[in-house]
Amino acid sequence: MSGHAHGRAERAGGTRPSPGAGSGPPAPGVGPGRPGGPGGPDRPGGPGGSGGPPEQVSRNVVVPMAALLLGLLLAALDQTIVATALPTIVSELGGLEHLSWVVTAYLLASTAVTPLWGKLGDQYGRKRLFQAAIVIFLVGSALCGAAQDMAQLIGFRALQGLGGGGLIVLSMAIVGDLVPPRERGRYQGMFGAVFGTTSVLGPLLGGLFTEHLSWRWVFYVNLPLGILALVVIATVLHIPRTSTRHVIDYLGTFLIASVATCLVLVASLGGTTWAWGSSRIIGLAVLGAVLAVAFVAVERRAVEPVLPLGLFRIRTFTLTAVISFIVGFAMFGTSVYLPTFLQVVQGTSPTMSGVHMLPMVAGTLLASTSSGQIVSRTGRWKVFPIAGTGLIAVGLLLLHQLDENSPTIVMSAFFFVFGLGIGLVIQVLVLIVQNAVSYRDLGVATSGATFFRSIGASFGVAVFGMIFTNGLDDKLTAAFRGAQLPPGVSADALESDPRGIGDLPAALRPEVVHAYASAITDVFLYAVPVVLAGFVLSWFLKEDRLRASVTAPDGTETLASNPVERSSYDEVCRALSLLGTREGRRDIYRKTTARAGYDLLPATSWLLLRIRRHGSVEPALLAERSPVPLGIVLEAARQAEVRHLARREGLGLVLTDEGFEAAEKLARAREESLAELLGDWWGPERPTDLVQLVHELSGELGGSRGERPHGDGDGGRPGGTRDGRPGTGTPVG
């Protein structure tokens with residue numbers, strides 16, 4: 001077998017292989033290391049079957065894929081599970097003014113190392129790096145669970161984030177090593193579903209562990225799951241060692257992380273720990289400015305910059321980066337402080353605070369999915385960032401109206417509105433960036449947009465924390481003015497441990513609860529002008545026509561809190577595999593047949609391409625193993641024989657010379673249809689790796705068993721039958 005099996009055609013009975021099939025460099029993940037045994041799927045071990053590609057991903061992939069999903073689950077869950085535990089953590093460890101850093105430390109660390117994990121995995125092998133990421137993450141989790149004060153917890157959360165960033169990046173990269181290009185869209189879609197699932201489960205699990213075990217189990221739960229993933233990866237994951245050399249921009253990565261850290265420190269410590277005019281705050285601000293200038297100088301000379309400055313010459317990218325920052329700012333800042341409002345002000349349990357958060361999550365997922373589908377079908381997108389930022393601002397204003405007496409139904413409605421606004425914009429921003437840049441910059445532009453959202457999240461959590469801490473101090477001082485306090489009760493004590501509210505005299509308790517309520521809801525009001533700036537900027541986005549290849553939204557890029565690092569090749573591979581498969585389940589064979597200039601049933605064209613791939617096809621066995629009904633397969637086989645495009649050899653069909661020529665034309669037509677999805681990326685100067693990708697995907701998709709090349713019966717003719725039932729004449733799938 002040659003270096004890459006898929007796309008190779010072997011024909012039984014001495015017939016010749018198709019020109020160009022199997023030529024060129026193998027795509028990532030293609031090679032002798034691919035799991036799966038020999039033999040064609042239609043007739044294993046039979047004539048012409050020995051060289052055929054595996055029809056589906058081997059079962060050997062299922063277990064390591066499950067381990068990868070488990071590793072991703074750990075990192076994704078850790079971004080949402082902590083929020084509902086934060087009020088309890090603060091009560092036990094103290095340091096309410098540093099609450100935001102429990103979230104920010106993880107976000108900053110995972111964001112900073114994302115590009116490093118990706119490139120180091122390319123260079124030194126992803127399996128070893130993935131194992132290292134799991135170990136770092138587990139060590140950080142164990143230390144977080146054992147933390148004795150807030151400073152320790154913040155430091156250990158940063159360590160945990162270093163590993164968590166690697167889990168997310170490498171788990172998705174390894175998919176390319178395990179499955180052929182045509183399967184990647186489906187499997188990476190499963191990874192996106194993990195983020196959607198954890199956004200629902202995280203707050204609930206965080207509340208359950210905190211209420212019934214301890215907040216420390218929010219971190220300890222990672223240990224058994226992570227060890228299981230580590231063992232499975234070590235024993236069953238076998239992927240080829242990669243050796244892609246990179247000039248890694250270590251200095252640029254360090255500088256951009258340092259700039260972000262300085263900004264977040266100024267936002268979180270200014271006016272609370274240190275006065276705004278103090279030498280330390282001024283020094284941090286000056287240091288951040290100096291490091292930013294140094295970062296620009298370094299990136300101009302970097303061979304592979306972590307953030308190419310040329311992207312900022314594209315107006316759409318610059319606007320989208322700023323809007324992404326604002327969305328991250330509002331989204332994460334709000335999600336961190338709402339559980340505190342629910343538990344301290346409303347008096348809900350940690351578990352029920354997670355339940356109360358579900359309307360916001362539901363709104364986000366519903367709007368994100370719906371907007372992605374509408375954009376995919378219409379190609380129009382500008383209304384969504386405008387409507388989304390506007391709805392976020394409305395949602396924040398509604399949240400500002402909440403107080404200790406707000407009924408559950410009202411809170412749920414307000415949470416849902418805010419979630420809808422977030423969902424309308426986060427998915428579309430990624431598509432806008434991908435559509436605005438050249439193929440060469442596709443990967444880095446996508447990760448750049450999500451990078452700014454992650455930095456905005458870190459900054460938002462810190463700013464919300466600063467506003468909340470300052471506001472709470474002033475409001476508690478006002479509430480206690482002239483009041484007789486029990487021994488040990490003070491504003492400082494209540495800021496460190498909200499549980500002290502229960503020890504207050506009954507006459508003072510409502511005032512303190514109201515102080516907490518207004519301090520938190522004031523945070524949402526201060527965020528409104530920031531979001532309105534994003535609303536204004538959204539009107540300046542230019543609505544260029546979308547390339548078809550960027551209308552396949554990816555949940556990993558929209559729901560993950562830290563950047564997703566994929567190359568331009570990987571981005572296009574994922575999108576084309578998803579879109580190509582989707583088209584193949586509609587009426588692609590009608591279009592392909594017409595483009596090739598033949599008057600054939602769609603199922604006949606599919607059958608010819610299938611014989612071209614596998615050398616020989618046994619119609620009865622094919623119908624048994626594919627979703628195409630037996631009657632349609634037999635009619636396609638009869639037409640192929642009557643037209644002298646195929647002949648019988650035993651029970652199987654092989655191509656005649658005339659059939660081979662027809663199959664070649666159909667293959668070229670299928671390739672042209674796939675290339676059209678790329679829009680202006682498929683120009684005269686298109687890169688060779690893009691050409692090779694389209695060629696390989698076309699070869700893998702054309703004639704594949706997962707496609708349904710028939711309308712309702714009769715090989716695609718209206719009025720036939722589908723599985724023996726009367727049809728309506730519309731395409732299946």
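At-a-glance table
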{"read-out": "Some residue of the stretch 570-579 being open to solvent by 40 Å² or more (accessible area, probe 1.4 Å) and either modelled with pLDDT of 75 or more or not basic (Lys, Arg) (or both)", "value": "yes"}
{"read-out": "Residues located in the stretch 403-419, provided they are touching a residue at least 24 places away in the same chain (Cβ under 8 Å) and either polar (S, T, N, Q) or open to solvent by 10 Å² or more (accessible area, probe 1.4 Å) (or both)", "value": "403, 404, 406, 408, 412, 413, 416, 417"}
{"read-out": "Cβ-Cβ under 6 Å pairs, at least 6 apart or on other chains, the stretch 212-234 side at pLDDT below 90, far side among the aromatic types (Phe, Trp, Tyr) and in a helix (DSSP H, G or I)", "value": "217/209; 218/209"}
{"read-out": "From the options 488, 482, 500, residue that is farther than 30 Å from residue 82 by Cα, open to solvent by 10 Å² or more (accessible area, probe 1.4 Å) and either at pLDDT 65 or above or more than 30 Å from the chain's Cα centre (by Cα) (or both)", "value": "482"}
{"read-out": "Conditions (1) surrounded by fewer than 20 Cβ atoms within 10 Å (Cβ to Cβ); (2) touching a residue at least 24 places away in the same chain (Cβ under 8 Å): number failed by residue 360", "value": "(1)"}
{"read-out": "Unmet criterion (only one of (1) modelled with pLDDT of 75 or more; (2) assigned to a loop (DSSP other than H, G, I, E, B)) for residue 564", "value": "(1)"}
{"read-out": "Residue that is farthest from residue 605 (Cα to Cα) [pool: residues in the stretch 646-655 that are open to solvent by 10 Å² or more (accessible area, probe 1.4 Å) and either touching a residue at least 40 places away in the same chain (Cβ under 8 Å) or in contact with an Asp or Glu (Cβ under 6 Å, 6 or more places away or on another chain) (or both)]", "value": "650"}
{"read-out": "Filter result for residue 325 (closer than 17 Å to residue 456 by Cα, modelled with pLDDT of 85 or more and open to solvent by 10 Å² or more (accessible area, probe 1.4 Å))", "value": "yes"}
{"read-out": "Pairs where the first residue, in the stretch 372-399, is touching a residue at least 60 places away in the same chain (Cβ under 8 Å) and the second is open to solvent by 40 Å² or more (accessible area, probe 1.4 Å) and among the charged types (D, E, K, R), C-beta under 8 Å, 6+ apart", "value": "379/545; 380/543; 381/543; 382/543"}
{"read-out": "The listed residue being more than 37 Å from the chain's Cα centre (by Cα), surrounded by fewer than 17 Cβ atoms within 10 Å (Cβ to Cβ) and either outside any helix (DSSP H, G or I) or without any contact (Cβ under 8 Å) to a residue 24 or more places away in the chain (or both), out of 658, 685, 624", "value": "658"}
{"read-out": "Subset of the stretch 517-544 that is of a type outside the set (Val, Ile, Thr) and either over 18 Å from residue 385 (Cα atoms) or modelled with pLDDT under 70 (or both) - its residue that is surrounded by the most Cβ atoms within 10 Å (Cβ to Cβ)", "value": "524"}
{"read-out": "Any chance residue 116 is open to solvent by 30 Å² or more (accessible area, probe 1.4 Å) and touching a residue at least 60 places away in the same chain (Cβ under 8 Å)", "value": "yes"}
{"read-out": "Residue within the stretch 690-702 that is open to solvent by 10 Å² or more (accessible area, probe 1.4 Å), under 22 Å from residue 594 (Cα atoms) and in a loop (DSSP other than H, G, I, E, B) present", "value": "no"}
{"read-out": "Segments classed as helices (runs of 4 or more DSSP H), wholly inside the stretch 57-146, with at least 2 members that are under 19 Å from the mean Cα position of the chain (by Cα) and under 14 Å from residue 171 (Cα atoms)", "value": "62-77, 99-124, 126-146"}
{"read-out": "Set 188, 152: member being in contact with a helix residue (DSSP H, G or I) (Cβ under 8 Å, 6 or more places away or on another chain), modelled with pLDDT of 85 or more and not in a loop (DSSP other than H, G, I, E, B)", "value": "152"}
{"read-out": "Qualifying positions in the stretch 295-338 - farther than 29 Å from residue 391 by Cα and of a type in the set (Val, Ile, Thr)", "value": "296, 298, 303, 306"}
{"read-out": "So residue 643, is it farther than 30 Å from residue 435 by Cα, surrounded by fewer than 21 Cβ atoms within 10 Å (Cβ to Cβ) and modelled with pLDDT of 80 or more", "value": "yes"}
{"read-out": "Matching entry among 586, 547 (being open to solvent by 40 Å² or more (accessible area, probe 1.4 Å), modelled with pLDDT under 80 and under 19 Å from residue 379 (Cβ atoms))", "value": "586"}
{"read-out": "Residues satisfying the stated conditions in the stretch 277-297, i.e. buried (at least 18 other Cβ atoms within 10 Å of the Cβ) and either within 31 Å of the chain's Cα centre (by Cα) or within 26 Å of residue 122 (Cα to Cα) (or both)", "value": "288, 291, 295"}
{"read-out": "Unique residue being surrounded by fewer than 21 Cβ atoms within 10 Å (Cβ to Cβ) and assigned to a helix (DSSP H, G or I) when the list is 634, 666", "value": "634"}
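One line per residue, one yes/no per condition, for (1) in a helix (DSSP H, G or I); (2) over 30 Å from residue 501 (Cα atoms); (3) over 23 Å from the mean Cα position of the chain (by Cα):
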site: 384; (1), (2), (3): yes, yes, no
site: 396; (1), (2), (3): yes, no, yes
site: 399; (1), (2), (3): yes, no, yes
site: 410; (1), (2), (3): yes, no, yes
site: 429; (1), (2), (3): yes, yes, no
site: 455; (1), (2), (3): yes, yes, no
site: 458; (1), (2), (3): yes, no, no
site: 467; (1), (2), (3): yes, no, yes
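The values are calculated or read from the model by the stated rules, or taken from the named source; none is laboratory data. None of the values given here were measured: they were computed from a predicted structure. So basically every Cβ, Gly included, is an ideal-geometry build from the backbone, and we count neighbours across all protein chains shown. Keep in mind that these areas ignore ligands, DNA and RNA; they rest on the heavy atoms of the full protein, side chains included. Shrake-Rupley method; radii C 1.70, N 1.55, O 1.52, S 1.80 Å.
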